[in-house]
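Trainee: Pasting in a structure now, in structure tokens, and then I'll have a few things to ask.
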Amino acid sequence: MTQRVYIKTVGCQMNVLDSEMVIADLKRHGYTVVDRHEDADCVLYNTCSVREHAEEKVYSALGKIRESKKDHPDKLIGVMGCMAQKDQEIIFKRAPYVDMVVGPGQLHTIPDLLTKLRNGEGRQMAISLGRKDDKQAVVARSHETFDPLRDPTMRPTPFQAYLRIQIGCDKFCTYCVVPNTRGPEQGRPPQQIVSEARVLAEQGCREITLLGQTVNSYKFSADGETTDMTSLLEMLHEVDGIERIKFVTNYPKDMTERLLVAVRDLPKVSPYLHVPAQSGSDDVLKRMKRGYTIAAYMEMFERIERILPEAAVSSDFIVGFCGETDEDFEKSVALVERCRFKNSFIFQYSVRPGTKAAERLEDDVPREVKAERNHRLLEVQNRIAKEENAKMIGREVQVLVEGPSKKAADADADSPAVQMTGRTPCDRIVVFDGNRRQAGQLLDIHVDDVSSHTLIGRVKTVDVVSIGL
Ligand code: SAH
Ligand code: SF4
Ligand code: F3S
């Protein structure tokens, strides 16, 4: 009998892509995908460890899935992703009903492990080596991924896809668990990336988002030749059918003049740059071991403003990091005021076992103060986002239409005329009255109104078919 699999994904875009690949692999092995864990023979949970809250949510969700295992004792439960790599056997201890634990570098083993489980071979675990377990090259190999397997049906839309260009991270920011869970930084070979982009274009994909923890640090060397991010963008720009190229997440130190000029000169590359600052205070940045000062961040920011005056820049901030004073925090507020980011993701510091900050620094900012600072920074950021969006009123923007908006999806599922949503090249969300057939099209939209997160507009050209001629 065909096995039915249900997968739940939390965490970053890397996890979304990993889930797509695991499903592609399982389908090749005869599995079918179901939408409810109750209906599945095998439930997979793709997890994130970046903050404690993310992990707690997984454990409480697993508890619920356990309930459905009571009626279906054969149901297999697998925990994959960053939490699997970080916690390993601890997961079996905390959730003894879990059958399988698989780290993000070992996902290709899942079909085999499931077969072993069905054959009664008992609990299965596949994790990659720790950073200090062996020589760098051996550790790196144990974090291999299997990117060429793709499954268009798993993507949020058929015309947008993630494409991993870099695995792991070597920056070791003191608060961050990712270098441990995803292993050493490795650039994928450019030929492999380009041929994957071709496959995606053949599958109807128009927009690719290149993924890496520090994507602009991308490098691949072989036979005495090095390909950097700029050369890679030039190569991908040649792929027919791909109309938009985005890339996340950027590391401030590697945002070079050469790369910014390429973003300016390659029309398919979106002028959208996510370059997290994390804090506005040099003292905090130093304790975070981010490797730059605010003066250096501003130098980079001004380089963006000079070369790409129309670019949208976004950031991440951590509030309440160890030793952050009111004065430090005010510097983060000042940085948001100065840079006027398109948006910022703001997080309250969460101690992560195994990181330098957990070992050496005291988590001394009270919970309420973290919450207050989070609220305050978000308020400032939202006001600025709205002010910046307001500058778009009266302008025309090119939108890649993604599908019905959330509002439309919640309302009338059958009506052809609905509110649609899409994104501009600079990653702004746009809603407009349209019809479902517009999904996947690039349309010119006239912006009439804005909120802090959305532009509201109307289609510039009349769609002849939609008015029934
Ligand atoms: N590689 C990316 C981001 C990875 S994690 C980068 O370097 O920018 C995504 C975001 O989560 C980070 O940018 C940071 O703002 C936040 N984050 C990471 N570790 C955290 C922690 N321990 N507590 C709170 N936020 C954290
Ligand atoms: Fe984490 Fe820093 Fe690497 Fe980003 S650059 S993944 S924050 S260690
Ligand atoms: Fe989370 Fe791992 Fe991504 S810790 S943010 S899923 S790389």
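Trainee: Name the trypsin sites (Lys or Arg not before Pro) in segment 1-74 that are in a loop by DSSP and that have at most 11 other C-beta atoms within 10 Å, would you?
Mentor: Arg36
Trainee: Also, quick follow-up: Please list, short to long, the whole-number percent of alpha-carbon pairs of segment 131-222 in consecutive 10 angstrom bins beginning at zero.
Mentor: 15, 43, 30, 11, 1
Trainee: Something else: Under the Karplus relation 6.51 cos²θ - 1.76 cosθ + 1.60, θ = phi - 60°, what is the ordered set of whole-Hz ³J(HN,Hα) values for segment 89-103, x standing for Gly and Pro?
Mentor: So the Karplus estimates, Gly and Pro as x, are 4, 4, 5, 4, 6, 6, 9, x, 7, 6, 9, 8, 10, 9, x Hz.
Trainee: Another question, then. Quick check: net charge around Glu238, other residues with Cβ under 11 Å of its Cβ, Lys/Arg +1 and Asp/Glu -1?
Mentor: Numbers: positive: Arg198, Lys268; negative: Glu234, Asp240.
Charge balance near Glu238 sits at 0.
Trainee: Contact order normalised by length for the chain, with contacts defined as Cα pairs under 8 Å and 6 or more residues apart; what percent is it?
Mentor: Contact order relative to length: 9 percent.
Trainee: Considering every Cα-Cα pair within segment 185-305, what fraction, in whole percent, is farther apart than 26 Å?
Mentor: Here the tail beyond 26 Å accounts for 25 percent of pairs.
Trainee: Give the shape of segment 4-130 as rounded, prolate or oblate, defined through the alpha-carbon gyration tensor: a ≥ b ≥ c are the square roots of its eigenvalues, a/c under 1.5 means rounded, and otherwise the shape is prolate if a/b is larger than b/c and oblate if not.
Mentor: Cα axes put segment 4-130 in the rounded bin.
Trainee: List every residue whose amide H lies under 5 Å from the amide H of Arg352, counting only residues 5 or more places away in sequence or on a different chain, with H placed 1.01 Å from N in the peptide plane.
Mentor: Long-range HN contacts for Arg352: Ala358.
Trainee: Let me ask something additional. Can you list the residues, at least 5 places off or on another chain, whose amide H is less than 5 Å from the amide H of Arg188, using H built in the peptide plane?
Mentor: Gln166, Ile167
Trainee: Would you compute, from DSSP H runs of 4+ residues alone, the mean residue ellipticity of the chain at 222 nm, taking -39500 (n - 2.57) per run and dividing by the full residue count, rounded to the nearest 500?
Mentor: My calculation for the chain gives -10500 deg cm²/dmol from helical runs alone.
Trainee: Classify segment 67-226 as rounded, prolate or oblate from the Cα gyration tensor: take a ≥ b ≥ c as the square roots of its eigenvalues, call it rounded if a/c is under 1.5, otherwise prolate when a/b beats b/c and oblate if not.
Mentor: Cα axes put segment 67-226 in the oblate bin.
Trainee: Estimate the FRET efficiency between Val34 and Asp240 by the formula 1/(1 + (r/R0)^6), using the beta-carbon distance for r and 41 Å for R0, to the nearest 0.05. Intermediate values should be presented prior to the final figure.
Mentor: Working: r = 36 Å, r/R0 = 0.88.
Approximately 0.70, to the nearest 0.05.
Trainee: While we're on this one: What is the order of Ile65, Ile245, fewest Cβ neighbours within 10 Å to most?
Mentor: Details: Ile65 20, Ile245 23.
With the fewest neighbours first, Ile65, Ile245 line up as Ile65, Ile245.
Trainee: To the nearest 0.05, how large is the calculated FRET efficiency for Asp170 and Ala222 if R₀ is 30 Å and r is the Cβ-Cβ distance?
Mentor: On the way: r = 19 Å, r/R0 = 0.63.
E between Asp170 and Ala222, to the nearest 0.05, is 0.95.
Trainee: Quick one: go through segment 98-122 and flag any residue whose amide nitrogen is under 17 Å from the point 7 Å out along the Cα-to-Cβ line of Ser60.
Mentor: Inside the label zone: nothing.
Trainee: Considering the Cα positions of the chain, please state its Rg to one decimal place and its Dmax as a whole number of Å.
Mentor: Over the chain's Cα set, Rg and Dmax evaluate to 22.8, 70 Å.
Trainee: Can you compute 3J(HN,Hα) from phi for each residue in segment 75-85, using the Karplus curve 6.51 cos²θ - 1.76 cosθ + 1.60 with θ = phi - 60°, rounded to whole Hz and x for Gly and Pro?
Mentor: 4, 9, 10, x, 10, 10, x, 5, 5, 5, 5
Trainee: Using only alpha-carbon positions, what ratio does the radius of gyration of segment 259-406 give when scaled by 2.2 N^0.38 Å? Mind dumping the intermediate values first?
Mentor: Details: Rg = 17.2 Å, N = 148, 2.2 N^0.38 = 14.7 Å.
Normalised Rg, Cα atoms only: 1.17.
Trainee: Residue separation times 0.36 nm, minus the C-alpha to C-alpha distance between Glu362 and Arg376: what's the value?
Mentor: This chain segment gains 2.7 nm when fully extended.
Trainee: A further question on this structure: Tally Lys/Arg at +1 and Asp/Glu at -1 over every other residue whose Cβ is under 9 Å from the Cβ of Gln166; what's the total? Could the numbers behind the result be given before it?
Mentor: Working: positive: Arg164, Arg188, Lys219; negative: Glu185.
Taking every Cβ under 9 Å from that of Gln166, the sum is +2.
Trainee: So, one more: Using modelled amide H (1.01 Å from N, peptide plane; none on Pro or chain starts), what sits under 5 Å from the amide H of Thr209, excluding residues fewer than 5 places away?
Mentor: Amide H neighbours of Thr209: Ala161, Tyr162, Leu163, Lys246.
Trainee: Something else about it: Can you give the % of DSSP beta bridges in segment 141-388 that are antiparallel, to the nearest 5?
Mentor: The answer is about 25 percent antiparallel.
Trainee: Report D for segment 396-459 in µm² per second (integer): Stokes-Einstein, Kirkwood Rh on Cα pairs, 4 °C, 1.567 mPa s. Write out the running numbers ahead of the final one.
Mentor: Working: Rh = 11.4 Å.
The calculation lands on 114 µm²/s.
Trainee: While we're on this one: Pairs to check: Lys331/Lys356; Lys27/Lys75; Lys386/Lys407; Lys268/Lys342. Give those whose C-alpha atoms are more than 26 Å from each other in this structure. Display every interim value, and only then the final one.
Mentor: Numbers: Lys331/Lys356 24 Å; Lys27/Lys75 18 Å; Lys386/Lys407 20 Å; Lys268/Lys342 20 Å.
With Cα atoms farther than 26 Å apart: none of Lys331/Lys356; Lys27/Lys75; Lys386/Lys407; Lys268/Lys342.
Trainee: Another one. Relative contact order for segment 1-148 using alpha-carbon pairs under 8 Å, separation at least 6, rounded to a whole percent?
Mentor: Across segment 1-148, relative contact order equals 20 percent.
Trainee: Sort out for me the Cα centre separation of segment 38-64 from segment 432-459, rounded to whole Å.
Mentor: So the two Cα centres are separated by 35 Å.
Trainee: Something else about it: Using a basic spin-label model with each label point 7 Å from the Cα along Cα→Cβ, how many nm lie between Glu327 and Glu202?
Mentor: Roughly 6.2 nm, to one decimal.
Trainee: Which loop GluC sites (Glu not before Pro) in segment 234-275, with loop taken from DSSP, have no more than 13 other Cβ atoms within 10 angstrom of their Cβ?
Mentor: Filter output for segment 234-275: Glu238.
Trainee: Residue separation times 0.36 nm, minus the C-alpha to C-alpha distance between Arg131 and Asp448: what's the value?
Mentor: 108.9 nm
Trainee: I would also like to ask the following. Based on the Cβ-Cβ distance from Arg458 to Gln398, what FRET efficiency comes out when R0 is 22 Å, to the nearest 0.05?
Mentor: 0.95
Trainee: Below 13 Å, Cα to Cα, which aspartates and glutamates can Lys391 reach? Residues fewer than 8 away in the same chain don't count.
Mentor: Counting by Cα, and skipping residues close in sequence, Lys391 has these aspartates and glutamates nearby: Glu310, Asp448, Asp449.
Values quoted throughout were computed directly from the atomic coordinates according to the rules given, and no laboratory measurement underlies them. From a predicted model like this one, the values you see are computed outputs, not experimental measurements. Glycine gets a Cβ as well: all are built from the backbone with ideal geometry, and neighbour counts include every protein chain shown.
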